Amino acid sequence: MNWSVPGVLARPQCGLPILSYLDDRCRVHKDTINLCKSVLQRKPLDWISVQRNHLTNPIRDVDLVITVGGDGTLLRASHFLDSSIPILGVNSDPTCSDEVDELTEEFDARRSTGYLCAATARNFEQILDATLAGSRHYSELSRISVKLNGSQLPTYALNDILVSHPCPASVSRFSLRKRSNGETSRLINSRSSGLRVATATGSTAAMLSAGGFMMPISSRELQYMIREPISPTDADKPLLHGLVKQEQHMLVVWYNQEGAVYIDGSHVTYPIQHGDTLEVSSDAPVLKVILPEYLLKQAS
């Protein structure tokens, strides 16, 4: 097959280079940022613009946080927010279903999912005005709290946590049990690819892909799954995937020399080592989010 440009994959019939497509996605993202800025400049508001990678300290003394990007940008900002400040996500480059259908035989043309983003470039000003006027209300989403050897980790997970060996090809060895009001479940000893715990929000992401189930977004329960268990006993199998109820917490003891707790993906990581104990629960500050309409209907 002859390609139109050396080193660049292109559609042989119509000559659309993939790199050109990706450059266009970057341009659309920047255009959305500029549009949002121009809208804010017309409003009687005090505001500042901050790059997501420049966030290092808790966000305080503001009435609203607006993220422009996708779910990853909103997740990043959520790690710096307590339960007092709502957040509004703008999907800067939503997926176009017609485009996905047209290009599906050439490459993955999906853009930003923006599952939690209530606005796009088209309706940002409308959603912003409704939020400022108080006619668009926020929803409270559950997050995950993790204590390491009794000390609270400073980051709360909006989607999920993964407890595993830093090398994905290595076996993770740990035990877990659930506790509530003095009652303790049976101990499960695991050799597997790790442990994933998700919120209701995160139940539609990696958890669902791994065979989990979607939870109502307003749920305060957590869903857990032991990933790829090695030779589980018949007695253990029903306990490899289940729920941690709001009044429960899960105790995890780690038995590898190395390990890590990954918060909402790979960008926030806390190392763990042999003998460390994790306490996982939904006892965390909620996150106030202006949700898109279809999620609001689901939550009601």
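The values are calculated or read from the model by the stated rules, or taken from the named source; none is laboratory data. Only a predicted model underlies this, so the values are computations on that prediction, with no experimental measurement involved. Please note: Cβ atoms are built from the backbone with ideal geometry, for glycine as well, and neighbour counts cover all protein chains shown. Quick note on the areas: whole protein, heavy atoms, side chains included, nothing else; ligands and nucleic acids left out. Shrake-Rupley method; radii C 1.70, N 1.55, O 1.52, S 1.80 Å.
A compact table of results
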item	result
Residue within the range 269-284 that is among the aromatic types (F, W, Y) and over 27 Å from L195 (Cα atoms) present	no
Set S164, S135, S139: member being open to solvent by 60 Å² or more (accessible area, probe 1.4 Å) and of a type in the set (S, T, N, Q)	S135
Candidate set from the range 90-114 (those that are outside any strand (DSSP E or B) and open to solvent by less than 40 Å² (accessible area, probe 1.4 Å)); member that is modelled with the lowest pLDDT	V100
Enumerated strands (runs of 3 or more DSSP E) restricted to the range 239-300, each holding at least 2 residues that are touching a Leu at 6+ places or on another chain (Cβ under 7 Å) and open to solvent by 30 Å² or more (accessible area, probe 1.4 Å)	277-281
Test: residue in the range 148-167 that is part of a strand (DSSP E or B) and among the aromatic types (F, W, Y)	no
Filtered residue count, the range 190-212, keeping only those that are within 12 Å of the chain's Cα centre (by Cα) and in a helix (DSSP H, G or I)	5
Close pairs from the range 108-123: first in contact (Cβ under 8 Å) with a residue 60 or more places away in the chain, partner among the aromatic types (F, W, Y), Cβ under 9 Å, at least 6 apart	A109/Y21
Selected residue (criterion: modelled with the lowest pLDDT) from residues of the range 54-78 that are in a strand (DSSP E or B) and of a type outside the set (S, T, Y)	G69
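Residue-by-condition table, conditions (1) within 12 Å of N159 (Cβ to Cβ); (2) at pLDDT below 95; (3) under 16 Å from the mean Cα position of the chain (by Cα):
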residue	(1), (2), (3)
P232	no, yes, no
V244	no, no, no
Q248	no, no, no
W254	no, no, no
I263	yes, no, yes
